[in-house]
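Asker: Questions regarding the structure given below will be posed in turn.
The values are calculated or read from the model by the stated rules, or taken from the named source; none is laboratory data. Everything numeric here is computed off the predicted structure, so don't read it as measured data. With ideal geometry, Cβ positions are generated from the backbone for all residues, glycine too; neighbour counts draw on all protein chains shown.
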Amino acid sequence: MLREVTAGRVLTPFGRRRWFQDATFDLFVWTGADGALLAFQLCHDRGRPEEGILTWRQGLFSQDRLDAGEDSPWRNESPIARPDGEFSWERWLPRIRAGVEGLEPALREAVLRTLIGCAAGGSGDAVGGRTDGDSLPAWERVGWLW
């Protein structure tokens, strides 16, 4: 079950950022002054060499994979996110539902409603395809929110 990392609470120009974590996921959420969900990033396969990053902001979704760079004493390439349009809803949605059980009800429902809408092909038409600009990197397509 996701637990909040209180050191992750930050007020950003985009909104209030909160960070939740468990053994499988890191969930970063941005909320407005009224508590409404503005954006989130869900990092799955946490701790594996190439974590997955699902990002939602303003109705756009993207699925990327973190390339950790080279693990070498002679050269160390920086980690980058690279496009990975494959996201297994059947595999991850049950795990996400279990993970968000500990979130306050309004936030939990907003995250789940958004993810379920994407899984059903709703406002997540950029997942699984590159409809919002095939050649654009993730931070230009959806906007990195760190």
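Asker: May I ask you to list pairs of residues, at least six apart or on different chains, whose Cβ atoms are under 9 Å apart, with the first in region 23-36 being farther than 14 Å from VAL111 by Cα and the second being in a loop (DSSP other than H, G, I, E, B) and among the basic types (Lys, Arg)?
Answerer: Here the result reads ALA23/ARG46; THR24/ARG46, each pair linking region 23-36 to a residue that is in a loop (DSSP other than H, G, I, E, B) and among the basic types (Lys, Arg).
Asker: So, of the residues in region 66-94 that are without any contact (Cβ under 8 Å) to a residue 24 or more places away in the chain and crowded, with 16+ Cβ neighbours inside 10 Å, which turns out to be nearest to the chain's Cα centre (by Cα)?
Answerer: Only one residue tops the list, namely LEU66.
Asker: Among the candidates ARG46, ARG97, ARG16, single out the residue that is part of a strand (DSSP E or B) and touching a residue at least 12 places away in the same chain (Cβ under 8 Å).
Answerer: Values: ARG46 fails: part of a strand (DSSP E or B); ARG97 fails: part of a strand (DSSP E or B).
Testing whether each residue is part of a strand (DSSP E or B) and touching a residue at least 12 places away in the same chain (Cβ under 8 Å) leaves just ARG16.
Asker: Scanning region 9-18 for residues that are at pLDDT below 90 and not hydroxyl-bearing (Ser, Thr, Tyr), which turns out surrounded by the fewest Cβ atoms within 10 Å (Cβ to Cβ)? Can you show your working first?
Answerer: As a first pass, look at region 9-18 and keep what is at pLDDT below 90: 9-15.
If we keep only those that are not hydroxyl-bearing (Ser, Thr, Tyr) too, we end up with 9-11, 13-15.
On the way: ARG9: 11, VAL10: 13, LEU11: 9, PRO13: 4, PHE14: 15, GLY15: 18.
For region 9-18, the residue satisfying everything is PRO13.
Asker: Now for a separate question. Restricting attention to region 67-89, does a residue exist that is at negative phi, in a helix (DSSP H, G or I) and modelled with pLDDT of 80 or more?
Answerer: Here is the first cut: in region 67-89, the ones at negative phi are 67-68, 70-89.
This time we only want the ones that are in a helix (DSSP H, G or I), so: 89.
Right, trim to modelled with pLDDT of 80 or more and you get 89.
Yes, region 67-89 contains a residue that is at negative phi, in a helix (DSSP H, G or I) and modelled with pLDDT of 80 or more.
Asker: To continue, here is another question. Would you mind stating whether GLU109 is surrounded by fewer than 18 Cβ atoms within 10 Å (Cβ to Cβ), in a helix (DSSP H, G or I) and acidic (Asp, Glu)? It would help to see each step written out before you state the result.
Answerer: Working: surrounded by fewer than 18 Cβ atoms within 10 Å (Cβ to Cβ): yes; in a helix (DSSP H, G or I): yes; acidic (Asp, Glu): yes.
Taking the combined requirement at face value, the residue satisfies it.
Condition check ((1) modelled with pLDDT of 90 or more; (2) more than 17 Å from LEU103 (Cα to Cα); (3) surrounded by 12 or more Cβ atoms within 10 Å (Cβ to Cβ)) across all residues:
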position: GLU4; (1), (2), (3): yes, no, yes
position: PHE20; (1), (2), (3): yes, no, yes
position: ASP45; (1), (2), (3): no, yes, yes
position: PRO49; (1), (2), (3): no, yes, no
position: GLN58; (1), (2), (3): no, yes, no
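Asker: Another one. Would you check if GLU140 is at pLDDT below 65, in a helix (DSSP H, G or I) and more than 20 Å from GLY8 (Cα to Cα)? Full working, then the answer.
Answerer: On the way: at pLDDT below 65: yes; in a helix (DSSP H, G or I): yes; more than 20 Å from GLY8 (Cα to Cα): yes.
Here the answer is yes, as GLU140 does meet what is asked.
Asker: Quick one: ASP26 ticks every box in (1) at pLDDT 85 or above; (2) charged (D, E, K, R); (3) out of contact with any Cys (no Cβ under 7 Å at 6 or more places or on another chain); (4) within 30 Å of GLY121 (Cβ to Cβ) except a single one, so which number is it?
Answerer: Checking ASP26 against (1) at pLDDT 85 or above; (2) charged (D, E, K, R); (3) out of contact with any Cys (no Cβ under 7 Å at 6 or more places or on another chain); (4) within 30 Å of GLY121 (Cβ to Cβ), the one that fails is (3).
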